[in-house]
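For reference, the structure is listed below as structure tokens.
The values are calculated or read from the model by the stated rules, or taken from the named source; none is laboratory data. Fair warning: this is a prediction, and the values are worked out from it, not measured in the lab. Please note: Cβ atoms are built from the backbone with ideal geometry, for glycine as well, and neighbour counts cover all protein chains shown. These accessible areas exclude ligands, DNA and RNA; they are computed on the full protein's heavy atoms, side chains included. Shrake-Rupley method; radii C 1.70, N 1.55, O 1.52, S 1.80 Å.
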Amino acid sequence: MRKLSAMLSALIVLAMAATCAFAATDAELEPFSKYGEPITISVGRMNNAGGNFAPGTNSENNAWTQLLKDELNIIIDVNTNGFDVDAADYQNTLMLRTASDTLPDTFTLLDDAKSTTLFKQLVEGGRLADLTEAYDKAIGGSTKERLAASDTQSLLQFLTVDGKLYGVTAGREAYNTAVLWVRQDWLDKLGLDVPQTLEDIEKVALAFVENKPGGNPNTIGIPLNPSTSGLGGMTGQWMGILPVFNAFGSYPDIWVNDAEGGVVWGGVQPETKEALALLADWYQKGVLDKNLVTMKDGDEVRNTYVSANGAGFIFNAWWDPWTQWDGLGDTSVKNDETIKWTPVMAPLNKDGKFSPKNESVTPGGQVVTAKSEHPEAVIKAMNLFSELSLRTPEFEDLYQKYIAPTEGVTEARTNSPFNTGLYQVQGRILTAENINSYLETGVLAVDPAIAGNAPYIEGAYEWANNNTMADWYANKNEDEINKYMQQYVGHWAFDVVGNMYLEGEKSGLYVEKQRGFVGSVDAQSDYGAMVNELQVTAFMQIISGAQPVDYFDEFVAQWHKLGGEEITKQVNEAVKGG
Amino acid sequence: MVSQRGAVKARRRVNSLPYHIMMIPAVALLAVFKVIPIAGIVMAFERYNPVAPFFGLASKFVGLQNFRTIFLMHPDSRQVIINTLIIAVSKIALHLAIPVMFALLLCECRVQWLKRGVQTIVYLPHFLSWVIAGVMFRQIFSTTGFINAALVGLRLVPEPVMFMASNTYFRPIVILTDVIKGFGYSAVVYIAAITSIDITLYEAADIDGADRWQKMRYVTFPGILPTIVLMMTLSLGNVLNAGSDQILNMYNPVVYRTGDILDTFVYRIGLQQLQFHLATAVGLAKSVISMALILASYKLADRFAGYRIF
């Protein structure tokens, strides 16, 4: 017995020693202080399709990693202990790394149901570092100010377990909601107006189906991602159909506040039934694709319709211009300059508002594994990334040194080792404001070197000035195309969409629906997967007519019975308790 | 005498040694991938957390809770079991009947090159993976596929039929396409059995004045009957395997009602969503039932076909 207790105390001492070894000194916890010795952090990275590395650079060696090395003495390791994989392989790689206990020091947790489960499992298994102290001390500069001004409580709710913080996020960028993109050239051809309401959309979609302005005999109205993982492709940003649900005041993928002050799941509310009734009607009328359910995934739908001149609508977020530029084969704007996509905030709800869910407070964030020796390093890197992305005057020299455009091409933000969100929003709004005033007055009202979101503003100005594609078309060498791609994307994604959100918010057209709860409860790990699956299946069956609309009531009963009731109970306790 | 027998034994041992050595890799594979993982069964009784070890603190022991959740609470589990049985039993029945008929007819064919050619062609689809075959069949049966084009073109139906999204057609399509893909391969056994029938029996039948039909009925068929019985009893162990790789590649949410089977159900709610304990619980239940069926079929095979391993 004595032997055992001796062993135990030895273990405790060892454990304490281990803890001490990982504790950062106060100097190291300073937000912008440089480490005395170079430290290495391994990063699990999702290779964003928008990230294109200049010749000679890669995910381990580019302007951002150079910045970290010079300014903070942090060396980024992607290829040895970290990884850099495509978005499609990211989740599986994380699972494999988890199972083999080879997770890198830090990686990004996505915001889907699977990541929620993984996060809980990692915390329970003691694999994640407690960042509470590091977060308090190491956050600095304008990131700190901005977080102080925003709703940090709900921002970090998801990453907090038992009062301890297990990840950092500056939130996701606001205005990240899907809008309706319409083929303007099709509308012009048929003499139709840009649709606003559900009725307009139906009318235009049927006109598209009937007249086939793109010449594809299999033209459909609205393409829809048929994926059934998580809550299904229909709730996704890309090729989802959430705006249609939102137009009915239905939010099938989030917790919402009910009239009694409690929190309920949006998927089982009566508004959702109304939306499904319309979607089922659309399916029968041919607004939705009749082959929807037999399509394997979103890519198949895109290849069959969107990139084959067979669809004039797509729901997607502000980043759709990247796809429009060269993600649609022959129908990419790069290859066919007659194609023109216009974004519009539609469909509007019965009050005439466009009201998607709040996207800036979402689950997910950057987590650090317990074996990382410098958990605060990620936060310090985040500080620096934010300052440079925002181009705050204090850091202008660093911006010029590392990130500023060389020969018209900027180091993309997506090339940085990890993405900590938020910061580009202000940039985008400023861009829109700048361009507006520039177009009105002909003078740069704000000095773009200070105010703008640097990566795109130069191109966007030029674009606004010329407003024609003839130039890039005449200069079709690769460098020029890259440059003009930034301008095309810059113009549509940042200027037009940014401005649309800005105007929408000013005029009251755009009203974000706040989430009732962002976090996870125990019952979600037990039943979450099953009730989600139940929901996707029921929705697909109702939309495609395999079940009548009234089947929704049966689904709601099953949802509650299968664990939804328990989850709702725990969520409400969590809301009241926290 | 004794020493002679001992020498024979020793020689036998030496002769069989290479075979035993050759078996080592197979036995090792079996141990690594089939025997050792049996310890993972414990997951079925836990709320398993893949981050922690099986018996770690993070995985909570929950007894039979997982079985209760899946088989009693989930509204779809009963339908899933029914689908599994219907699809598997139909497949087993057709995988016996069609290849036997095919083998009988093929052996009546006297043109050698035709016989060989047909056999090779029907044998080939077996080697296509369901990922590819699934895409092909989905295309063929889609609203723009050639079956619909033919039906509409011949004015048999007013507008294209959604075969793959129809609870009426999905199950038959799954069963038929599986048979189409596999019957050539299954027929090989029967063709071999027919070839091994003693030629003198046919000569005797000829002398008795039997025509071709009677020869098939009274000579060939009884000749391969033991093989048929053997194949039938052996396939009993597959009653709960309805072919997940096929269905995963062909189904969609609309036909879950008729097409969802145990394996796909487990794949969706267990593996895809990190609920390994649920997947293990269903897998374990399936294994126990399959084990019983295999034992039963072994006894039956012994009784009707004299087939024994031990």
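What shape does the range A:183-296 have by the C-alpha gyration tensor, where a ≥ b ≥ c are the square roots of the eigenvalues, rounded means a/c under 1.5, and otherwise prolate means a/b greater than b/c and oblate the rest?
prolate
Helix by helix through chain B, keep the DSSP H runs that span 27 Å or more along the axis on Cα and average at least 0.5 on Kyte-Doolittle, and give those back in order.
B:77-108, B:170-195, B:276-305
Given A:SER307, A:GLY232, A:MET345, which one lies farthest toward the positive end of the charge dipole of the range A:179-356, if we put +1 on the Cβ of every Lys and Arg and -1 on the Cβ of every Asp and Glu?
Going by the charge dipole, the pick is A:SER307.
Quick one: which bits of the range A:255-295 get at least 30 Å² less accessible when the partner protein chains are in, versus the chain alone, with a 1.4 Å probe?
Residues shielded by partner chains are A:ASN291, A:VAL293, A:THR294.
Can you list the residues in the range A:519-543 whose accessible area drops by at least 30 Å² when all protein chains are present, compared with the chain alone? Use a 1.4 Å probe, heavy atoms only.
Listed in order, they are A:SER525, A:ASP526, A:TYR527, A:ALA529, A:MET530, A:GLU533, A:THR537, A:GLN541.
To the nearest 0.05, what FRET efficiency results for A:GLU37 and A:GLN570 with a Förster distance of 56 Å applied to their C-beta separation?
That gives a FRET efficiency of 0.75.
When the solvent-accessible surface of protein heavy atoms is calculated with a 1.4 angstrom probe, in what order do B:ILE289, B:ILE140 fall, highest first?
Highest to lowest solvent-accessible surface, that is B:ILE289, B:ILE140.
Which percent of the Cα-Cα distances in the range A:212-358 go past 28 Å? Write down the numbers at each step before the final one.
Values: 2352 of 10731 pairs.
Cα-Cα pairs of the range A:212-358 separated by over 28 Å account for 22 percent.
Out of the total accessible area of chain B (probe 1.4 Å, heavy atoms of protein only), what percent is carbon and sulfur?
The nonpolar share, carbon plus sulfur, comes to 70 percent.
Which value in Å is the Kirkwood Rh of chain B over different Cα pairs?
23.6
For peptide B:253-259, how many partner chain Cβ atoms fall within 10 Å of a residue's Cβ, on average?
What the average comes to for B:253-259 is 6.
Rounded if a/c is under 1.5, else prolate if a/b beats b/c, else oblate: with a ≥ b ≥ c from the C-alpha gyration tensor eigenvalues square-rooted, which is the range B:199-310?
Verdict is oblate for the range B:199-310.
Please give the residues from the range B:122-146 for which the solvent-accessible area of heavy atoms, probe 1.4 Å, is smaller by at least 50 Å² with all protein chains in place than with the chain isolated.
When all protein chains are present, B:ARG138 each give up 50 Å² or more of accessible surface.
Show that you can apply the helix-only estimate: for chain B, add -39,500 (n - 2.57) for every DSSP H stretch of four or more residues, divide by all residues, and state [θ] at 222 nm to the nearest 500.
Value at 222 nm, helices only: -20500 deg cm²/dmol.
Leaving out ligands and nucleic acids, note down the accessible area per residue over the range A:179-356 with a 1.4 angstrom probe, in whole Å².
34
In Å², and per residue, what accessible area does chain B have when probed at 1.4 Å with the other protein chains present?
58
Based on the Cβ-Cβ distance of B:ILE132 and A:ASN216, what FRET efficiency does E = 1/(1 + (r/R0)^6) give at R0 = 25 Å, to the nearest 0.05?
It comes to 0.45.
Under 26 Å Cα-Cα from A:LYS120, which lysines qualify once same-chain neighbours fewer than 8 residues away are excluded?
Correct list for A:LYS120: A:LYS137, A:LYS164, A:LYS357, A:LYS371, A:LYS380, A:LYS561, A:LYS569, A:LYS576, B:LYS60.
If the cut-off is a Cα-Cα distance under 21 Å, which lysines reach B:LYS299, setting aside same-chain residues fewer than 8 apart in sequence?
In chain and number order, the partners are B:LYS286.
Which one of A:SER544, A:VAL496, A:TYR527 is farthest out on the positive end of the charge dipole of the range A:491-553, using unit charges on Cβ (Lys, Arg +1; Asp, Glu -1) and the Cα centre as origin?
About the Cα centre, the residue reaching furthest to the positive side is A:VAL496.
Of the heavy-atom accessible surface of the range A:179-356 (probe 1.4 angstrom), what whole percent is carbon and sulfur?
Roughly 47 percent, rounded to a whole number.
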